[in-house]
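Heads up, the thing below is written out as structure tokens.
The values are calculated or read from the model by the stated rules, or taken from the named source; none is laboratory data. The shown structure was predicted, so the numbers you read here are calculated from the model rather than taken from an experiment. Because the Cβ atoms are built from the backbone with ideal geometry, glycine has one as well, and the counts that use them run over all protein chains shown. When the accessible area is computed, the model is the full protein with side chains, heavy atoms only, and any ligands, DNA or RNA have been set aside. Shrake-Rupley method; radii C 1.70, N 1.55, O 1.52, S 1.80 Å.
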4 protein chains.
Amino acid sequence: MRIGMIGLGKMGYNLAQNLLQNQHQVIVHDVNPEPGKQLASEFGAEFAASIEEVAAGLQSPRMVWIMVPAGKIVDQVLDTLIPVLEKGDIVIDGGNSHYKQSIARSEKMQAHGIRFLDVGTSGGTEGAARGGCFMIGGEQEAFELIEPLFQAIAVDKGYLYAGKSGSGHFLKMIHNGIEYGMMQSIAEGFELLSKSDFDYNFEEVARVWSNGSVIRSWLMELTENAFSKDPNLDHIRGIMQSSGEGKWTVESALDLQASTPVIALSLLMRYRSLETDTFHGKVVAALRNEFGGHAVVSSS
Amino acid sequence: MRIGMIGLGKMGYNLAQNLLQNQHQVIVHDVNPEPGKQLASEFGAEFAASIEEVAAGLQSPRMVWIMVPAGKIVDQVLDTLIPVLEKGDIVIDGGNSHYKQSIARSEKMQAHGIRFLDVGTSGGTEGAARGGCFMIGGEQEAFELIEPLFQAIAVDKGYLYAGKSGSGHFLKMIHNGIEYGMMQSIAEGFELLSKSDFDYNFEEVARVWSNGSVIRSWLMELTENAFSKDPNLDHIRGIMQSSGEGKWTVESALDLQASTPVIALSLLMRYRSLETDTFHGKVVAALRNEFGGHAVVSSS
Amino acid sequence: MRIGMIGLGKMGYNLAQNLLQNQHQVIVHDVNPEPGKQLASEFGAEFAASIEEVAAGLQSPRMVWIMVPAGKIVDQVLDTLIPVLEKGDIVIDGGNSHYKQSIARSEKMQAHGIRFLDVGTSGGTEGAARGGCFMIGGEQEAFELIEPLFQAIAVDKGYLYAGKSGSGHFLKMIHNGIEYGMMQSIAEGFELLSKSDFDYNFEEVARVWSNGSVIRSWLMELTENAFSKDPNLDHIRGIMQSSGEGKWTVESALDLQASTPVIALSLLMRYRSLETDTFHGKVVAALRNEFGGHAVVSSS
Amino acid sequence: MRIGMIGLGKMGYNLAQNLLQNQHQVIVHDVNPEPGKQLASEFGAEFAASIEEVAAGLQSPRMVWIMVPAGKIVDQVLDTLIPVLEKGDIVIDGGNSHYKQSIARSEKMQAHGIRFLDVGTSGGTEGAARGGCFMIGGEQEAFELIEPLFQAIAVDKGYLYAGKSGSGHFLKMIHNGIEYGMMQSIAEGFELLSKSDFDYNFEEVARVWSNGSVIRSWLMELTENAFSKDPNLDHIRGIMQSSGEGKWTVESALDLQASTPVIALSLLMRYRSLETDTFHGKVVAALRNEFGGHAVVSSS
């Protein structure tokens, strides 16, 4: 098939390469021309200097995959696409957009006769390049038209038409919530090992747990990789950033009145890690001093 | 009444003073002679240079209140007391002993005919001096014999015969578990205020919440005190020490298969506060880097 | 002073009565005429059949206190008030509105020259009647004009001008978050007592903890009251409803990247209590069966 | 090699079969003769009617693998073995024993010159039969003697000599703590899906997440299996039993002052699932009624 790819960051670049290596034709564009030129010279992509050029290079029904940072940029790209697309064309947002925004965008595009699919993408940068996991929401007929693309870029059984508009990004959001919990679970386990009397080799532990154990998982394999590079992680700090989807998952839990303590705490511990001292800690320390005369530690 | 007081730290000293100011006679002893001499000169206590002297200064049935740090010191004092006490004498452990140890000690003392009461003491150092809260476990008849002491040193309705041996210290342990949760609740509230856009005066907030609100409490009054001395707690670090009873409460919850997430988390956040960086944080940061190429922060 | 009170539910009725008993004049209105008539006959309120009548009965600068359920009703009342109020008049929202809505409403009212104060009210129905706690946000000059009202209805030191618009309702929201944590802390403590080997009288425990202990608090006194009516709470189910402010507190924590596990868990356990079985429990039970052959319990 | 296997429950039976199918000779014994006879007739095991017979059928240095329920039965088997074993023989405890007990048992056996290995076994019943994961603690020389057994029954790289006595069972314990967290994470994710507006097919979701996603894992594959049998898990109740290792992990976290909220909460939610109503819920419901007049739900 023939498709446009807008946004050539780590994920978009790898997806384009993946499509090209699977005999699809890809017209690529990014505000930064470098990655597009590289895809053209190395993998045979067609370089487009603008979004309009992407559209011009496709035929009805056009297929355009957007892979840009979630937020306003998605809307800017959509606004640029609307006048250059036609009724029946298909736009895919493969980024980490909030599912409610995807529903709104789908309605907006539909008003112009354009079909919009919200596609959650998992598998990391490596999965994008060599076979990832895709969760697809939107009009079923549109999905079926482009299904060959997913057959090309997903690992076997690694894509799912999940249902109506928003269901793809919602599923990806929950996936990330689970991911937060799994990562924190693994991390707490290694914290306990590191505090124990025993003298474990963490890389070896991650390796044995990756082979035949109940907790074997891709994340455990990645844990092995990480320890193979830095055996005690001495060179990195334990600052746990988050990029939005964990927060959205917890917000959804609150809206749905669902009791999800593990996902919630995984997020809160990330926030905790952003600080080396806390105001709540100061209050508790001060209170212990007030009622029991327990010593406090002076700051500075 | 006439009673011996062994252990004259912050709590024991204040309790002895409280008893003396309420017309009881107190023979006082501590390994450090200073506080005993001060109680003698200022409040009319009788100074004893040894535990044996305490016993010698009392008449059957003797009453001895032990107020020493929980752990082996309690056993050492008991072992010293056993040969110098007689059948029917009463020993009170007013410290923060584990209730299971109190049950064992009660049995041991009973084998010598000595009655043992486990008494949980709350109200802080101020409560000890001017009227505290006492939770009493052990033989009811022994309690009734010494009830006048509790009438003297407790605030009105501030003592309770709780039941069989161990029930006093168990009740105190649970009290401390609740205390951990309440303190963390208050502290988290102020953390949210401190992170908000608004410009609150924390002392004033604690004051208004201490007057007529649903959350008015002694802890909130102490919060006001703390902020009155250091308006933003700039001078103390948020290191939250713990002295054992919170941990015992969570261990009891595990044994009783009771779901007590708030008390458990209050303790775990105290442990978290002892570290400025964590191994679990390093693992999560490393994993984010592995699958998504997210940047990590180098440790210096 | 002279003030209108719109909304005469449990809280509004009691506040009106409180004002009337403190020598203020109150024009009262509610969609249901009964409580207004009762306030008129028993406490000398002036009955108003409509919001317009309330406004007509006041003189510039008018003062109108709104005490209606948070949400759209507040906007409806404000929309009715706008045309019948004048520049410089003061409207107080004393309900549990979201602080962001209060900021928006303040701006809207300001566009009509009307001053808007967001007032958080605590102390329960009893506090409303006999002396509560009030947290006030908005224009300081407007607050000072009506300060005598707060002197009348608050307990001593029980009101605070907290700052700019929204700061009153934000403070009340955080207050409720703390309240959730304190209630859950107390409740978990009693759960542990109920599961222990000891045979505690819960009313007596709550009473002794209300007298001289570190955890003495109004909530502990209410716990005593509750147990005095139903010693083991045999007659009520443990369904913990919530009315929005706890959820808003956690949402704020997420927005502020503040780690507040205890408040968050207090809310999540309330959600958990709404269900007698859970889907997450089914998944875990099914997984244990899958890998270890552990038996599951059949439903129905 | 030639080895004795004592305890032929789900795990012991499958391990014996696994060894036999990999050309090792196994003398099998269980208090229940049935599984031993079956192993003899189907897989060529040698049946032993008693522990003594097991020992008699082996030659120095004897190797005996114990696979019985954790607790006193392990000690009973060891006590029976001691008089029939000789200096230099090797005993393996492959069950879920507490690592502290394993250290004590190792010392006890060592006093008789018998070498004791604590081996954590993971991979479920299927792993035991077809290739599992083994974490081995104890004397290194003893491990090296029996390493061929692990090469036979583990998947490739699926065994690890972890270090001194206790390190194998400690590692298995932490493994289970991680497992609790992972299972709860997955389960909470599906709970959110089940409460959402979308109409997901859970089996398909588990399948797509098992193929190429970041959260792909054996547990996710088992989740797919479970949903394939009962699409909405309508036929099982969400009662989450636990068998001790999660509790031990949390107890270790308390002892090590390690902040592991996710593992702790995973356990506490299991305890919560054992009850359909809670005492803490009753207390909170009663308190809401006390201060705000909020309705309670009557029991019965």
Problem set entry | Single unsatisfied condition, B:GLU147 versus (1) surrounded by 22 or more Cβ atoms within 10 Å (Cβ to Cβ); (2) modelled with pLDDT of 95 or more; (3) part of a helix (DSSP H, G or I); (4) not aliphatic (A, V, I, L, M) | (1)
Seminar exercise, completed: By residue number, the members of the stretch B:212-221 that are open to solvent by 40 Å² or more (accessible area, probe 1.4 Å) and at the interface with chain C (Cβ under 7 Å from one of its Cβ atoms) are B:ARG216
For this session: Taking B:GLY292 as meeting all but one of (1) open to solvent by 20 Å² or more (accessible area, probe 1.4 Å); (2) at the interface with another protein chain (Cβ under 7 Å from one of its Cβ atoms); (3) modelled with pLDDT under 95, write down the number of the exception.
Result: (1)
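Do you know which residues across the stretch D:222-233 are within 22 Å of A:ILE186 (Cα to Cα) and either of a type in the set (A, V, I, L, M, F, W, C) or open to solvent by less than 20 Å² (accessible area, probe 1.4 Å) (or both)?
Narrowing the stretch D:222-233 to residues within 22 Å of A:ILE186 (Cα to Cα): D:222-224.
D:LEU222, D:THR223, listed by residue number.
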Exercise. In this structure, is A:TYR180 closer than 30 Å to A:SER266 by Cα and open to solvent by 20 Å² or more (accessible area, probe 1.4 Å)?
Worked result: no
Seminar exercise, completed: In the stretch A:182-193, residues that are more than 7 Å from chain D (Cβ to nearest Cβ) and either touching an Asp or Glu at 6+ places or on another chain (Cβ under 6 Å) or free of Cβ contacts under 8 Å to residues at least 12 places away in the same chain (or both) total 1
Seminar exercise, completed: Selection from the stretch D:162-181 of residues touching a strand residue (DSSP E or B) at 6+ places or on another chain (Cβ under 8 Å), more than 13 Å from A:TRP209 (Cα to Cα) and either facing another protein chain (nearest Cβ under 7 Å) or not in a helix (DSSP H, G or I) (or both) yields D:GLY163, D:LYS164, D:SER165, D:GLY166, D:SER167, D:PHE170
Problem set entry | Single condition C:THR125 does not satisfy, out of (1) in a helix (DSSP H, G or I); (2) at pLDDT 95 or above; (3) surrounded by fewer than 21 Cβ atoms within 10 Å (Cβ to Cβ) | (2)
Exercise. Pick from D:ALA111, D:ALA142, D:ALA128, D:ALA104: which is within 14 Å of another protein chain (Cβ to nearest Cβ) and out of contact with any Asp or Glu (no Cβ under 6 Å at 6 or more places or on another chain)?
Worked result: D:ALA128
Exercise. Can you tell me how many residues in the stretch C:118-140 are more than 23 Å from D:ALA286 (Cβ to Cβ) and touching a residue at least 24 places away in the same chain (Cβ under 8 Å)?
Worked result: 10
Exercise. Is it true that some residue in the stretch A:196-207 is touching a residue at least 60 places away in the same chain (Cβ under 8 Å), at negative phi, more than 7 Å from every other protein chain (Cβ to nearest Cβ) and open to solvent by 20 Å² or more (accessible area, probe 1.4 Å)?
Worked result: no
For this session: Could you grab the pairs with beta carbons closer than 6 Å, sequence gap of 6+ or different chains, first residue in the stretch C:223-252 and on the phi < 0 side of the Ramachandran plot, second one assigned to a loop (DSSP other than H, G, I, E, B) and open to solvent by 40 Å² or more (accessible area, probe 1.4 Å)?
Result: C:ILE236/D:VAL296; C:ARG237/D:ASP277; C:ARG237/D:VAL297; C:GLY238/D:ASP277; C:ILE239/D:VAL297; C:GLU245/C:ASN96
Exercise. Would a scan of the stretch B:145-167 turn up a residue that is small (Gly, Ala, Ser) and closer than 14 Å to B:ALA16 by Cα?
Worked result: yes
Problem set entry | the stretch A:235-258, residues that are among the charged types (D, E, K, R), more than 7 Å from every other protein chain (Cβ to nearest Cβ) and open to solvent by 20 Å² or more (accessible area, probe 1.4 Å) | A:ASP255
Exercise. Given the conditions (1) closer than 24 Å to C:SER266 by Cβ; (2) surrounded by fewer than 23 Cβ atoms within 10 Å (Cβ to Cβ); (3) at the interface with chain B (Cβ under 9 Å from one of its Cβ atoms), and given that A:TYR271 satisfies all but one, which numbered condition is not satisfied?
Worked result: (3)
